[in-house]
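Encoded as structure tokens, here's the structure I'll be asking about.
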Amino acid sequence: MAEILSKINLFSPYPHLCNSISPNKSSSVVGFPCLKFESLKSSSDSDFHGWKFVFQEGQIKPKRGNLQASYAQMSSLSIGKAFRWWEKGVQPNMKEINSAQDLVDSLSIAGNKLVIVDFFSPSCGGCKALHPKICQFAELNPDVQFLQVNYEDDKSMCYSLNVHVLPFFRFYRGAHGRLCSFSCTNATIKKFKDALAKHTPDRCSLGPAKGLEESELLALAENKDLSFNYTRKSVPVPAQEATEKVPANPKLPLSSIQKAPQGSEEKTLVTSGR
């Protein structure tokens, strides 16, 4: 029997497990923590000196939760996240617009900063080819805010803003509002470079940022597909000056009659050449 056990390595499908067992002390099989070998105490009348298997209860099957967590961790390490082409190379000063209200708010909080609105579509080959260069411009001009509008996600908003060709760009700054708008591709990228060089220098404008034109805001508000509200701004009407009685004097021009200060009943006549 001892001779048969000593030759177990010849028939075992896992010979490396048997080689890892120390005959001098109790040990577990590598890879199988539920199995342990313990030495058998033999009596003086027996010539058998071997080992016995001991099964450890509760260690046979791993917990399902731990197995799922380990599999998820391995999957995340091996596969990783697949970025879409318009998400690659995005700089901190590039932001994707999610709604019409988001676009209006982003333009209003920009202040005097130059804002470039980039209208693109995932299915547009020209947009895909131009995207790496737009990311380079954003990296070289960290003070310029780039807003990305996905045509497929905000098609109704693009219609209201009269955007019908892609890729399309609009430049905005402070109280000046829209500075320019145009479409360009890799072949006409010089148009973008010239506009960026022209409008990049810092300029201070009086008043809050204008953003979209009022006609565009009204078009967005009238679009039933958009949850956007806007109230037309009331135009101040100048107060009409009180008409005064002009003394009948055909020799004096009407422009030479000025109103006297309050509290005085006399009229001051200003004439020229007299």
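Take every Cα pair under 8 Å in segment 85-222 that's 6+ residues apart, average their separations, divide by the length, and report that relative contact order as a whole percent.
On the way: 221 pairs, mean separation 43.9, N = 138.
Contact order relative to length: 32 percent.
When the Karplus curve 6.51 cos²θ - 1.76 cosθ + 1.60 is applied with θ = phi - 60°, which whole-Hz ³J(HN,Hα) does each residue of segment 157-174 get, with x for Gly and Pro?
So the Karplus estimates, Gly and Pro as x, are 5, 5, 5, 5, 8, 6, 9, 10, 9, 10, x, 9, 10, 9, 9, 10, 7, x Hz.
Taking the Cβ of ASP102 as the center, what net charge do the other residues with Cβ under 13 Å away carry, scoring Lys and Arg +1 and Asp and Glu -1? Let's see the in-between values first.
Working: positive: LYS95; negative: GLU96, ASP105, ASP153, ASP154.
Neighbourhood net charge equals -3.
How charged is the neighbourhood of CYS124? Take every other residue with its Cβ under 12 Å from the Cβ of CYS124, and add Lys/Arg as +1 and Asp/Glu as -1.
It works out to a net charge of -1.
Tell me which residues come under 5 Å, amide H to amide H, from ILE109 once H is placed; ignore anything under 5 positions away on its chain.
Residues meeting the criterion, in which the H sits 1.01 Å from N, do not exist here.
What is the local net charge at CYS204, summed over the other residues whose Cβ is closer than 15 Å to its Cβ (Lys, Arg +1; Asp, Glu -1)?
On the way: positive: LYS113, ARG173, ARG203, LYS210; negative: ASP143, ASP202.
Net local charge, CYS204 excluded: +2.
Please find the FRET efficiency linking ARG84 to ARG232, where r is the Cβ-Cβ separation and R0 is fixed at 25 Å, and quote it to the nearest 0.05. Display every interim value, and only then the final one.
Details: r = 39 Å, r/R0 = 1.55.
Plugging the Cβ-Cβ distance into 1/(1 + (r/R0)^6) gives 0.05.
What's the extension gain from SER205 to ASN98 if we count 0.36 nm per residue and subtract their Cα-Cα distance?
35.7 nm
None of the figures in this text is laboratory data; all of them are computed from the coordinates on show. Source: prediction; values computed, not measured. Neighbour counts run over all protein chains shown; Cβ positions are idealised from the backbone, glycine included.
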